[in-house]
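The numbers here are math on the coordinates, done by the rules we state, and not lab data. None of these values were measured; they are calculated from a predicted model. Please note: Cβ atoms are built from the backbone with ideal geometry, for glycine as well, and neighbour counts cover all protein chains shown.
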Amino acid sequence: MHARAVPYHVSADDFERIAVAALDSIPADLRARLDADNLMITIQSGSSEDDRDHDIDEHVLGFYEGDADSAFSISPYPKRIVLLQRHIEAYCTSHRELVDQVTDTVLHEVAHYFGLDHADIRDTRLDH
Ligand SMILES: [Zn+2]
């Protein structure tokens, strides 16, 4: 049994800077495709009631929202990756861990954006 570590908290601004740096770590050619498609990264402190209706619980660190699941209606939202700041922080005890976890989560969701499923992701270093 491990004692539950104290979450490592940062300000919303610091968290956003870490997320932007994670995006910047993506190879330029892939990054250009994200930019061309206006893929957004949204940071939420935690899951909303609507998210929880979609099985986004406290163990979910982030998710990708595309238009694939709304075949019969035009999504009112652009394609976006949502990072759940408090959920990610709960797994981290240091700044280094937070940077690693945010980076893993961003790369994982970017992999979903490019159409990889979890079996595909396991075969790459994008697994976390
Ligand atoms: Zn996933």
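Results, tabulated for the structure shown:
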quantity	calculated
Simple label model, 7 Å out from Cα along Cβ direction - D100 to D50, nm	3.5 nm
Principal axes of the range 12-122: Cα extent on each, largest first, Å	44, 36, 30
By average C-beta atoms within 10 angstrom, highest first, the peptides 106-114, 90-98, 7-15	106-114, 90-98, 7-15
Ranked packing of 43-49, 59-65, most packed first, by mean Cβ within 10 Å	59-65, 43-49
Electrostatic dipole magnitude of the range 12-122 [Cβ: Lys, Arg +1; Asp, Glu -1; Cα centre; debye, to 20]	320 debye
